[in-house]
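Input: a single structure, listed below in structure tokens.
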Amino acid sequence: MASLKELKGRINSVKSTQKITKAKQMVAAAKLRRAQARAEEARPYAERLADVMASLVSKVSGDSAPKLFRGTGSDQRHLLVVVNTDKGLCGGLNSNIVKAAKVKARELIAAGKDVQFYLVGRKGRAPIKRDYEDRIKTHFDTSEVRTPGFEEAEAIGIDLIERFENGEFDVAHLIYPIFKSALAQDPTVEQLIPVPKPKGEEVKTSGGAVVEYEPDEEAILEELLPRYVRTQLFTALLEREASEQGASMTAMDNATRNAGDLIKDLNIKYNRSRQAAITTELIEIIAGAEAL
């Protein structure tokens with residue numbers, strides 16, 4: 001059994017840890033509001049851009065379509081763009097993203113495809129490296145930026161498009177978390193390059209009005225496709241930030257509660273040990289007095 005001094009030291013240590021987790025929980029809660037607002041504000045633009053893309057794509061086909069849309073004509077080489085956080089202490093968020101990436105990788109490898117990883121964020125590197133060290137194409141570090149924004153998304157997009165134009169891969173998939181609440185951040189896998197065709201036959205238009213494009217659909221699509229890729233990456237970074245703060249707040253709340261429960265248990269043990277020590281001393285004093 002631990003001594004009273006050891007128990008007291010453990011209680012003080014857990015109390016110090018509890019103060020840290022409580023402080024981080026409050027910081028994450030404050031950051032979550034801003035991150036959630038940014039993610040929610042970006043969604044309508046991304047959705048509307050997708051609608052415009054769908055409208056244009058429906059009018060362009062064949063060799064006249066830009067390469068970013070029509071692809072390379074092959075789907076043998078796949079690039080998985082995995083967006084993880086740069087910091088830990090956010091529960092199972094990163095492990096869930098890595099799990100989704102590994103599931104997609106195994107699925108493609110089983111189909112005989114060549115798979116490479118493009119890792120954004122630091123926390124996903126080690127677990128993916130353990131299983132796919134020879135398949136990691138490159139890393140993109142966002143840890144030096146306080147809050148990754150459109151500049152980082154643009155840099156990633158330019159790099160990916162350049163690699164695609166150089167023939168380094170045929171299809172790129174974007175894997176990132178979608179923020180739903182502080183308790184739910186769902187990993188999702190979406191095709192990024194070539195830009196996927198709109199699902200279904202119906203394309204949204206503005207009240208059914210006839211739209212004429214200037215100069216023409218091909219030229220506009222050539223300009224919008226890179227912007228679409230950058231917007232999807234920007235959305236992924238915003239969703240990642242909101243998911244990170246939400247998961248961190250929940251994880252630190254659980255850690256604070258667990259620390260409180262542990263302190264209660266240690267206090268009970270401390271009191272029982274102290275009571276046992278006092279009882280032993282009384283018995284020794286009484287036994288000594290009787291012996292006299």
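What is the residue count in the range 171-187 for residues that are closer than 13 Å to A39 by Cα and β-branched (V, I, T)?
1
If the requirement is being over 26 Å from A182 (Cβ atoms) and surrounded by fewer than 15 Cβ atoms within 10 Å (Cβ to Cβ), which of these qualifies: G112, G88? Break it down stepwise before answering.
Numbers: G88 fails: over 26 Å from A182 (Cβ atoms).
Selected residue: G112, the only one of G112, G88 that is over 26 Å from A182 (Cβ atoms) and surrounded by fewer than 15 Cβ atoms within 10 Å (Cβ to Cβ).
Is it the case, given these coordinates, that L160 is buried (at least 18 other Cβ atoms within 10 Å of the Cβ), in a strand (DSSP E or B) and assigned by TED's automatic domain parsing to the domain that holds R34? Reasoning before the result, please.
Working: buried (at least 18 other Cβ atoms within 10 Å of the Cβ): yes; in a strand (DSSP E or B): no; assigned by TED's automatic domain parsing to the domain that holds R34: yes.
It is false that L160 is buried (at least 18 other Cβ atoms within 10 Å of the Cβ), in a strand (DSSP E or B) and assigned by TED's automatic domain parsing to the domain that holds R34.
Going by the structure shown, is E107 touching a strand residue (DSSP E or B) at 6+ places or on another chain (Cβ under 9 Å), in a helix (DSSP H, G or I) and either more than 23 Å from V229 (Cβ to Cβ) or not aliphatic (A, V, I, L, M) (or both)?
Details: touching a strand residue (DSSP E or B) at 6+ places or on another chain (Cβ under 9 Å): no; in a helix (DSSP H, G or I): yes; either more than 23 Å from V229 (Cβ to Cβ) or not aliphatic (A, V, I, L, M) (or both): yes.
Judged against the criteria, E107 is not a match.
Mind listing whichever residues of the range 110-136 are outside any helix (DSSP H, G or I), over 20 Å from L238 (Cβ atoms) and out of contact with any helix residue (DSSP H, G or I) (no Cβ under 8 Å at 6 or more places or on another chain)? Steps first, please.
First, the residues of the range 110-136 that are outside any helix (DSSP H, G or I): 111-124, 136.
Adding the requirement that they be over 20 Å from L238 (Cβ atoms) leaves 111-117, 136.
Result: A111, G112, K113, D114.
Out of curiosity, is R125 assigned by TED's automatic domain parsing to the domain that holds Y228 and over 19 Å from the mean Cα position of the chain (by Cα)?
Values: assigned by TED's automatic domain parsing to the domain that holds Y228: yes; over 19 Å from the mean Cα position of the chain (by Cα): no.
No.
Looking only at the range 137-157, count every residue that is touching a residue at least 60 places away in the same chain (Cβ under 8 Å) and either surrounded by 18 or more Cβ atoms within 10 Å (Cβ to Cβ) or assigned to a loop (DSSP other than H, G, I, E, B) (or both) and tell me the total.
8
Just a yes or no: is a residue in the range 227-247 in a helix (DSSP H, G or I) and loosely packed, with under 12 Cβ neighbours inside 10 Å?
Just the residues of the range 227-247 that are in a helix (DSSP H, G or I), to begin with: 227-247.
Going one step further and asking which of them are loosely packed, with under 12 Cβ neighbours inside 10 Å, we end up with none.
Checked the range 227-247: no residue is in a helix (DSSP H, G or I) and loosely packed, with under 12 Cβ neighbours inside 10 Å.
Can you tell me which residue among V203, V171, V229 is at pLDDT below 85 and of a type in the set (V, I, T)? If you could, list the steps in order and put the result at the bottom.
On the way: V171 fails: at pLDDT below 85; V229 fails: at pLDDT below 85.
None of the others qualify; the one that does is V203.
Please find, among G112, G121, the residue that is at positive phi and in contact (Cβ under 8 Å) with a residue 40 or more places away in the chain.
G121
Of A155, A101, A105, which residue is assigned by TED's automatic domain parsing to the domain that holds H173, under 19 Å from Q191 (Cα atoms) and either acidic (D, E) or more than 18 Å from the chain's Cα centre (by Cα) (or both)?
Numbers: A101 fails: either acidic (D, E) or more than 18 Å from the chain's Cα centre (by Cα) (or both); A105 fails: either acidic (D, E) or more than 18 Å from the chain's Cα centre (by Cα) (or both).
Result of the check over A155, A101, A105: A155.
The values are calculated or read from the model by the stated rules, or taken from the named source; none is laboratory data. Remember, it's a predicted structure, so these values are computed and weren't measured experimentally. Because the Cβ atoms are built from the backbone with ideal geometry, glycine has one as well, and the counts that use them run over all protein chains shown.
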